[in-house]
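The values are calculated or read from the model by the stated rules, or taken from the named source; none is laboratory data. Predicted model only: the values in this text are computed from it and were never measured. Positions of Cβ are generated from backbone atoms using ideal geometry, with glycine treated the same way; all protein chains shown enter the neighbour counts. Accessible surface is based on the protein model in full, side chains and every heavy atom, while ligands, DNA and RNA are left aside. Shrake-Rupley method; radii C 1.70, N 1.55, O 1.52, S 1.80 Å.
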Amino acid sequence: MAYHALILRNPARAEATVRQFEQLGITSWCAQLVTAIWPEDRQELETMAQRLVDGGYSWLAITSVSTVQVLEQVLGSRTLPSSLRIASVGEKTSQAIAAKLGRSVDFQPQVQSAAGMLDLWRPEPGSVICYPHGDLASSTLSDALADKPVTVDEVIAYQSVDAPAAGTPVDAARVPEAVNVLHPGNIGGKLGQMDLIVFSAPSIVRRFAQLAGGRIPQKVRTIAIGAPTAKALKAVGLPVDAIASEPTPQGLARAAKELLQPGGVAAAEETK
C-alpha cells in the first residue's frame, strides 16, 4: 500500500528523511513553515565571534544546525582555538560542527535535547560559556546554567519567522530535485491526501495550527521529532501519535514504520 507524508521542515534539509520514507513506500511532500533569518544588527554576533577566536570562552554550547550555519558565516576564515571545548545538542548538530567548523565535539548527550544536555554536561566551576541560539529557543538550558557557578554569554544568532520571509535567510542551500516542495499556503488542500505529518519543531507546530485552523483529518497520524515538539502539539490541541526515538531521519522512519504497520496505529492510540 502506498502512503503519503507531509514533512514540515526546510526542504533543502529533508532529503535524508525523504529517502528513508521512500524505503517504507511513503511519498513525501516538504513544506517550510518557519525560516531562520539574520538579525538586523549583527554587531553582537561579530563581538562574540572575535571573543571566541581570541580564546575568551571555555565552552561553546550549540543547540541547532542553524546556529552552526551562522557561526560558519560570522567566523569566515577565522578558526576556533584548540582550547575551546564544544557541547552539542545532538548528532545532526555535531555533524554540522565537523563539516562547517572543522571541529569534533567534546560533549554530546545520549538524549538529544537541551534537557538531555543538562543531565550529563558538567562544565567546570568558573567556566565562561558562549551560548548563541535562536530567538525562540527554549530557556531550559540557560535557566539551568544560571544556577551553576559559571558565566554564560547568550547571543541571538538568528530569528525564526514565518516562511516565506522577507529577511536574509541563514540557510541558502538549494532544494534537491528528489524532494517535493509544498508551499505553506497550499497545505490545507493537501491534508486530506496525507497519512502522516512530521513536525520538526515547536515553532512549526504553532505555525501549522494557524494555517490548518488547529485541526487535521482523523485518518492523519502525527510524528513529533522530540518531547518539546510533542508538548507543543498538545498545547494547540493536536494529537501526538508518535515521538521519534531520536531526532534523526532514521528515528523518524522508525516512528513512521511503527505507525503504519498492522497494529501500529492502534498501539499509538493506546499511548495517547
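Are any residues in the range 7-57 of a type in the set (Asp, Glu) and over 16 Å from PRO176 (Cα atoms), and if so, which ones?
GLU40, ASP41, GLU44, GLU46, ASP54
Considering only the range 51-58, I want to know if a residue exists there that is over 30 Å from GLN261 (Cα atoms), buried (at least 21 other Cβ atoms within 10 Å of the Cβ) and modelled with pLDDT of 95 or more.
Yes, some residue in the range 51-58 is over 30 Å from GLN261 (Cα atoms), buried (at least 21 other Cβ atoms within 10 Å of the Cβ) and modelled with pLDDT of 95 or more.
Does the range 178-194 hold any residues that are more than 20 Å from VAL205 (Cα to Cα) and either open to solvent by less than 30 Å² (accessible area, probe 1.4 Å) or modelled with pLDDT under 90 (or both), and which are they?
Across the range 178-194, the qualifying residues are ALA178, VAL179.
Determine whether GLN95 is open to solvent by 60 Å² or more (accessible area, probe 1.4 Å), under 19 Å from VAL170 (Cβ atoms) and under 21 Å from the mean Cα position of the chain (by Cα).
yes
Being open to solvent by 50 Å² or more (accessible area, probe 1.4 Å) and within 18 Å of the chain's Cα centre (by Cα) is the requirement here; does GLU72 meet it?
Yes.
Could you list, in sequence order, the residues of the range 139-172 that are hydrophobic (A, V, I, L, M, F, W, C), part of a helix (DSSP H, G or I) and open to solvent by less than 60 Å² (accessible area, probe 1.4 Å)?
LEU141, ALA144, LEU145
Please enumerate the residues belonging to the range 196-212 that are closer than 11 Å to VAL236 by Cβ and not β-branched (Val, Ile, Thr).
Those that are closer than 11 Å to VAL236 by Cβ and not β-branched (Val, Ile, Thr): PHE199, PRO202, ARG206, ARG207, PHE208, ALA209, GLN210, ALA212.
Looking at the range 163-175 only, could you name the residues that are closer than 17 Å to ALA137 by Cβ and not hydrophobic (A, V, I, L, M, F, W, C)?
ASP171
Restricting the search to the range 115-138, which residues are in contact (Cβ under 8 Å) with a residue 24 or more places away in the chain and open to solvent by 30 Å² or more (accessible area, probe 1.4 Å)?
ALA115, LEU118, GLU124, PRO125, GLY126, VAL128, ASP135, LEU136, ALA137, SER138
Taking the range 50-81 as the search range and keeping residues that are among the charged types (D, E, K, R) and touching a helix residue (DSSP H, G or I) at 6+ places or on another chain (Cβ under 8 Å), which one is nearest to THR93 (Cα to Cα)?
Per the stated criteria, the residue is GLU72.
Give ILE216, ILE204, ILE187 a once-over and let me know the one that is closer than 27 Å to LEU24 by Cα, over 18 Å from the mean Cα position of the chain (by Cα) and in a helix (DSSP H, G or I).
Matching residue, one of ILE216, ILE204, ILE187: ILE187.
Scan the range 81-114 for residues that are assigned to a helix (DSSP H, G or I) and touching a Leu at 6+ places or on another chain (Cβ under 6 Å) and jot them down.
Result: ALA114, single match.
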